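Working notes, structure below.
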Amino acid sequence: MPTSFHLLADAPAQLLPARELMAFTLASHIILVPLGVAFPFITLVMHYRGLRRKDATALLLARRWSAVMAVQFALGIVTGTVLSFEFGLLWPGLMGRWGDVFGIGFGVEAWAFFLEAVLIAIYLYGWRRLKPRTHFLLGLPLPAAALLGAFGILAANSWMNTPQGFSLDSEGNPVDVNVWKAIFTPMFGPQYWHFVVAMIITAGFVVAGVYAVGWLRGRRDHYHRLGFAVPFTIAAVAAPVQFVLGDSIARSVFHKQPVKFAALEIVWETDTRVPEYLFGRLQEDGTVKGGIKIPLLDSVLAGFSPDTKVVGLTSVPADQRPTATQATIAHWAFDLMVLIGSALVLLALWYGVVWLRHRRLPASKWFYRSAACAGVASVVAVECGWIATEVGRQPWIVYQNMRVAEAVTSTRSTTLWIMLAVVMVVYVFLFGSFLVILLKMRTRWRLADEQRAAGGPSAHSPETDTPYGPRAPVPAGGAPAADGGAAGDEGGRR
């Protein structure tokens with residue numbers, strides 16, 4: 001019987017449903033994370049442009065994006081809270097034994113979360129109510145709060161990958177905790193900056209993709225050009241940086257987690273002159289089926305020399321490494337992430353070359369088709385990055401200190417499967433509601449803009465008496481002006 005089946009038979013019945021539940025909620029929550037971490041920064045860049053150049057359209061976009069930011073944050077509250085509870089409910093062995101060591105990261109994230117909630121409320125309701133400079137300055141801490149939240153989560157996750165900052169007593173329990181060492185582990189720096197830049201790229205391409213679709217549908221006014229150019233430029237600048245950071249974190253994994261690196265690259269035996277496989281499937285006997293084999297490349301990428309020794313999966317016993325199936329999943333996720341990242345760099349270079357040569361946006365429909373797809377592709381890349389990180393670490397929940405099976409709850413597996421079904425139904429409703437709200441906001445804002453363009457009762461220019469002056473008067477009959485209402489123009493057209 002293959003080794004994978006032996007290991008599966010020895011696992012508790014609760015392990016599979018607990019993993020599936022955690023994976024589903026994490027995969028769902030991470031869709032919102034780029035907007036939570038990077039969207040405030042992009043919004044403030046647009047806000048600054050509006051103030052600096054006295055550009056009413058930029059202020060309108062910033063104001064509308066702030067409304068989208070608030071709706072997204074509300075949904076993130078729900079999905080993030082579910083994840084927090086799952087750590088304790090699904091993995092009591094982890095939190096009970098190791099919580100005193102790495103739990104500080106979750107504490108930092110919680111404080112950052114509440115701070116961000118307060119700052120978003122101030123920024124959202126500061127329109128029309130605060131002086132321009134004061135309002136903008138009060139928004140500046142928002143990106144810092146978002147980065148602080150990411151700091152807490154990545155500190156906890158990087159500790160799980162490279163645990164340190166403690167000693168073990170005679171019973172194997174952690175003692176003598178050094179909080180600073182537990183936070184700043186060897187993987188923290190590479191993981192944190194790789195994650196932050198990924199969030200900036202993803203948020204930038206997602207937002208720009210909305211306006212790229214508008215461009216393809218013939219909406220090529222200043223509003224859509226600006227709504228596309230600012231977030232896309234931010235993402236395009238960050239994309240080549242991410243390529244360098246990605247190489248850095250891969251080398252960190254090579255040195256600090258060699259078995260995980262072997263899983264990501266499906267290396268079976270420790271050797272030099274190791275080939276690189278693009279995709280392909282690792283078999284139980286160590287052979288690789290399918291994929292594209294490039295001789296020597298894995299050793300060259302790992303150590304800049306074909307003579308670089310790469311540790312293989314067989315360097316440790318079978319119960320201390322990912323199974324062939326897990327290694328294949330991690331490998332495919334890693335390769336897909338790299339492939340998408342490379343494509344996004346090429347798209348950024350296309351944009352940069354056109355801008356440097358002609359000082360204008362590209363005119364090709366294929367460019368905007370690619371830009372419209374870039375947002376979805378970057379979200380897929382983020383999902384793949386987390387799959388590679390978590391699956392490649394198996395069977396450890398705390399690398400080389402605690403297996404996932406040792407941390408799982410004792411709750412009946414049937415109960416966990418029911419919980420998964422319920423959570424899936426609830427999440428479909430939540431994300432469906434989120435989409436409906438965004439579409440209604442878009443429709444309301446588009447109608448307001450069409451009224452303005454047609455010279456209707458609100459034919460004045462956008463933001464001529466807003467966002468910092470008094471509200472526009474309500475026309476006779478009680479119909480709100482195009483700018484009117486607290487939320488009448490807080491979002492953006494597509």
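The values are calculated or read from the model by the stated rules, or taken from the named source; none is laboratory data. For clarity, every value in this text was computed on a predicted model and none was experimentally measured. Methodologically, a virtual Cβ is constructed for each residue, glycine included, from the backbone with ideal geometry; neighbour enumeration extends over all protein chains shown. Note: areas computed on protein heavy atoms with side chains; ligands, DNA, RNA excluded. Shrake-Rupley method; radii C 1.70, N 1.55, O 1.52, S 1.80 Å.
On full extension of the chain, what length is gained from Val428 through Thr134, given 0.36 nm per residue of separation minus the C-alpha to C-alpha distance?
Gain on extension, Val428 to Thr134, equals 101.9 nm.
Bins of 20 Å, beginning at zero and ending with the bin holding the largest distance: percent of Cα pairs per bin for the chain, please.
That works out to 21, 51, 24, 4, 0, in percent per bin.
Identify all aspartates and glutamates with a Cα-Cα distance to Lys260 below 13 Å; exclude those on the same chain that are fewer than 8 residues away in sequence.
Lys260 reaches Glu390.
To the nearest 10 degrees, how steep is helix 365-391 against the longest Cα principal axis of the chain, on a 0 to 90 scale?
Between the helix axis and the principal axis of the chain, the angle is about 40 degrees.
Add -39500 (n - 2.57) for each DSSP H run of 4 or more in the chain, then divide by its residues: what number comes out at 222 nm, to the nearest 500 deg cm²/dmol?
-23500 deg cm²/dmol
Calculate, in nm to one decimal, what Leu89 and Ala27 gain on full extension: separation in residues at 0.36 nm each, minus their alpha carbon distance.
Full-extension gain reported as 20.5 nm.
Once you wrap a convex hull around the alpha carbon atoms of the range 157-197, what is its projected area averaged over all directions, in nm²?
2.9 nm²
For Ala74 and Cys373, what is the calculated FRET efficiency with R₀ set at 25 Å and r taken between the beta-carbons, to the nearest 0.05?
0.35
Taking every pair of Cα atoms in the range 1-114, average 1/r, invert it to obtain the Kirkwood radius, and report Rg/Rh to two decimals. Working shown, then result.
Values: Rg = 20.6 Å, Rh = 17.3 Å.
With Rh from the inverse mean 1/r over Cα pairs, Rg/Rh is 1.19.
At R0 = 51 Å, how high is the FRET efficiency between His222 and Ile294 if r is their beta carbon distance? Nearest 0.05 is fine.
0.60
In whole Å, what is the distance between the alpha-carbon centres of the range 229-287 and the range 126-145?
Value for the Cα centre distance between the two parts: 40 Å.
How much length, in nm to one decimal, is gained on full extension between Arg52 and Asp319, taken as 0.36 nm per residue of separation minus their Cα-Cα distance?
That pair, Arg52 and Asp319, stretches by 90.1 nm at full extension.
In the structure shown, do any of Lys289/Lys309; Lys54/Lys131; Lys54/Lys365 have a Cα-Cα gap over 19 Å, and if so which?
Listed pairs above 19 Å: Lys289/Lys309; Lys54/Lys365.
Note the angle between two axes, namely the Cα long axis of helix 222-256 and the longest principal axis of the Cα atoms of the chain, as a number of degrees from 0 to 90, rounded to the nearest 10.
Long axis of 222-256 versus the principal axis of the chain: about 10 degrees.
Round to a whole number: what % of the accessible area of the range 332-398 belongs to carbon and sulfur, probe 1.4 Å?
Within the range 332-398, the accessible surface is 74 percent carbon and sulfur.
Tell me the angle of helix 56-90 to the major Cα principal axis of the chain, expressed in degrees between 0 and 90 and rounded to the nearest ten.
30 degrees
What accessible area per residue comes out for the chain, rounded to a whole number of Å², with a 1.4 Å probe?
Ligands and nucleic acids excluded, the result is 46 Å² per residue.
Give me the net charge of Ile397's neighbourhood, meaning all other residues with Cβ under 12 Å from the Cβ of Ile397; Lys, Arg count +1, Asp, Glu -1.
For residues surrounding Ile397, the net value is +2.
Let me know the shape class of the range 391-430, please: from the alpha-carbon gyration tensor, a ≥ b ≥ c as square roots of the eigenvalues, rounded when a/c is under 1.5, otherwise prolate if a/b is greater than b/c, or oblate. Could you put the intermediate results ahead of the total?
On the way: a/c = 4.24, a/b = 1.90, b/c = 2.23.
The shape class here is oblate.
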